[in-house]
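Here's the structure we're looking at; comments come further down.
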Amino acid sequence: MSYLDLKGINKSYGQFVALNDVNLSAAKGEFVTFLGPSGSGKTTTLMIIAGFEKATTGSVEIDGRPLQGLAPHERNIGIVFQNYGLFPHKTAAENVYFPLQMRSVKRAAGLKRAEEMLELVGLRDFGHRYPKELSGGQQQRVALARALVFEPSLLLLDEPLGALDKNLREQMQIEIKRIQRALGVTTIFVTHDQTEAMSMSDRIVVFEGGRINQVAAPLDLYHKPETRFVAGFIGESNLIEAVVTDPVARTASAAHLGEVEYAPTDKAKKGQGVTLMIRPEHMRLSRNPIEGRRNAQMKVETIVNYGDNALVIGKVGDLTMRVRVLGADVVIIKENQDCCISWTPDAVYLIAK
Amino acid sequence: MTRFMKWLGVVVVIFIAAPLVIVVPMSFSTARSLQFPPPGYGLGYYQAYFSDPSWLIPTWNSIIIATATTVLTMLLVVPATFALVRHQFRGRSIADLMMLMPLAVPSIVMAVGYYSYFGAMGIVHTHIGVVLAHTALAVPIAFLVLSANLKGFDRTLERAAMSLGASPTKTFIHVTLPILRPGLIISALFAFIHSFDETVVSIFISGRNAETLPRKMFDSIRQEADPVIAVISTLLFALVLLGLVGPRLVAALRNRRPRVQAA
């Protein structure tokens, strides 16, 4: 049963087309992420849902009720902005009370409710502080409490973690998910950070150039990207141009690699130009060819160490390939050495588009 | 070099402060006219100021005119600033320029203009005339202060307020206005001070009926060098000092309550 519906949304500014036929349905309680590079239309879509931008054509419906003609303050949608948008002249509790005040809740009762909400986001006893007396992560929590306290029909998060450092960001990812689940509020989260999208979402909507490129669950998006753009945007990958030579034997011909066998798919036609995707962690690095696997000679150019793992980048002919190896295994190889990379046909995913 | 700069700083400060150092003791003088150093000290001229209607009436005139100027200026400047800072429209840059014009034109030119213009309208030598002229001169100053404040205003706050259920009017009352309050107060204060302090235009158009304090002081110093002028200067100085130091004192006292560090 769909709860939020975006139907055929187009948005243009003069000649410039910002959104091109955006359609999407989300179920009640779902956590949907809009992922894409800047200028891909994800924030514009969010602002149309919130009512701050007007779609040129198309409609937004919540629970079957169209939002058209409703001003932002009539939509009952909670938003957390990138820089939080906390009112500097109000304390944390007064900030959280604000939406209740606008709904004519009495001050005493409203402030009590605000304190309860602050407790839910882990800010018990912080109600009397002003925003400038709070850290970035705490401000974030206040903004979240404020956007949720009035039981909105939808929660919108506009890159809310962008300003936080890495550790705090991971902590907040977990926090936001916990609170979102606890309240069961349908949520749209906008980000350009693919790891954030992967770790938090029920479904990810990938935006590119004002269009929706693919909508899928995080792991499906990772393992079965429908387009080359998604394959390149989500995670590290080796993307190899190839031409299908035999759909029955599942082989395609690629420059510098020759005939490559790919995983079963129904999308390949003989003679078709395709992209073959091999994730770096699905390949192995060795000194000598390994029997039973497809091997290729690679000259190592760069080794990027992450500690627990390393990314080995090298050339097979003119083709750049990336292989991920466990940190402990990287000692077998040095830069400018020749080595072997290998994979099995299961690891070769064919992308028709 | 740094030592030289330091001494230069001291000299400049002394030069700036010297008039104050001279004026304040002269106000307590017993001499018959302005004289430094004073031959003796007393409160005679303070008594003279507070009991002489020829001083008190101009003081009241100035207060009334400055207050009316402030109100009128803010009524014009607040909407104008919002329009000019937040909206793009045809002729905006010309409107911007016109707002600032009175600042660029010499006061004496403005004064002559008002004298003949208001003369034709029959409002020369009236409170209304002076208020209108002072408003024209105070508008650019109030506009400069307020527009700087408004440009720095984060509009996300207004969007946040609306998303939380505040109508545009309520957003203005609960969010925009309180956050801009310091800017509005300073802007109004500047308008008030500008009117209270304005001399050139007042000399031309205030006449006997709407005589302002600076005009009266100017007349007085030309005729008799009455030490009451020093009294008024001292009182004004004390008032300004209070206005400058007062808020800081309040802020300092407020900050003395234990501050909790953000974790």
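The values are calculated or read from the model by the stated rules, or taken from the named source; none is laboratory data. These figures come from a predicted structure and were not determined experimentally. Methodologically, a virtual Cβ is constructed for each residue, glycine included, from the backbone with ideal geometry; neighbour enumeration extends over all protein chains shown. For accessibility, only protein heavy atoms count, side chains too; no ligands or nucleic acids. Shrake-Rupley method; radii C 1.70, N 1.55, O 1.52, S 1.80 Å.
Quick notes on this structure:
- Count - residues of the stretch A:131-147 that are more than 10 Å from every other protein chain (Cβ to nearest Cβ) and either over 17 Å from A:Glu116 (Cβ atoms) or open to solvent by 10 Å² or more (accessible area, probe 1.4 Å) (or both): 2
- Close pairs (8 angstrom Cβ cut-off, 6 or more residues apart or separate chains): without any contact (Cβ under 8 Å) to a residue 24 or more places away in the chain in the stretch B:1-27, open to solvent by 100 Å² or more (accessible area, probe 1.4 Å) anywhere: B:Ile22/B:Phe36; B:Pro25/B:Phe36; B:Pro25/B:Tyr41
- Helices (runs of 4 or more DSSP H) (entirely within the stretch B:151-223) containing at least 3 residues that are within 14 Å of chain A (Cβ to nearest Cβ) and free of Cβ contacts under 8 Å to residues at least 12 places away in the same chain: B:156-163, B:168-171, B:177-197
- Failed condition for B:Phe237, given (1) surrounded by fewer than 16 Cβ atoms within 10 Å (Cβ to Cβ); (2) without any contact (Cβ under 8 Å) to a residue 40 or more places away in the chain; (3) in contact with a helix residue (DSSP H, G or I) (Cβ under 7 Å, 6 or more places away or on another chain): (2)
- Count - residues of the stretch B:45-97 that are at pLDDT 95 or above and basic (Lys, Arg): 0
- Of the residues examined, A:Glu175 is one that is among the acidic types (Asp, Glu), more than 12 Å from chain B (Cβ to nearest Cβ) and surrounded by fewer than 20 Cβ atoms within 10 Å (Cβ to Cβ).
- Restricted to the stretch A:21-130, the set of strands (runs of 3 or more DSSP E) holding at least 3 residues that are within 26 Å of A:Phe229 (Cα to Cα) and in contact (Cβ under 8 Å) with a residue 40 or more places away in the chain comprises A:31-35.
- Checking each residue in the stretch A:318-343 for being touching a His at 6+ places or on another chain (Cβ under 9 Å) and either hydroxyl-bearing (Ser, Thr, Tyr) or farther than 17 Å from A:Leu276 by Cα (or both) picks out only A:Arg324.
- Count of the stretch A:33-82 residues which are of a type in the set (Asp, Glu) and either open to solvent by less than 30 Å² (accessible area, probe 1.4 Å) or within 14 Å of chain B (Cβ to nearest Cβ) (or both): 2
- Count of residues meeting criterion [surrounded by fewer than 20 Cβ atoms within 10 Å (Cβ to Cβ) and in a strand (DSSP E or B)] in the stretch A:255-288: 6
- Failed condition for B:Ala133, given (1) open to solvent by less than 40 Å² (accessible area, probe 1.4 Å); (2) assigned to a helix (DSSP H, G or I); (3) within 14 Å of chain A (Cβ to nearest Cβ); (4) touching a helix residue (DSSP H, G or I) at 6+ places or on another chain (Cβ under 6 Å): (3)
- Filter result for B:Leu144 (within 15 Å of the chain's Cα centre (by Cα) and not polar (S, T, N, Q)): yes
- Consider the stretch A:97-122 and keep the residues that are at the interface with chain B (Cβ under 10 Å from one of its Cβ atoms) and aliphatic (A, V, I, L, M). The one that is surrounded by the fewest Cβ atoms within 10 Å (Cβ to Cβ) is A:Met102.
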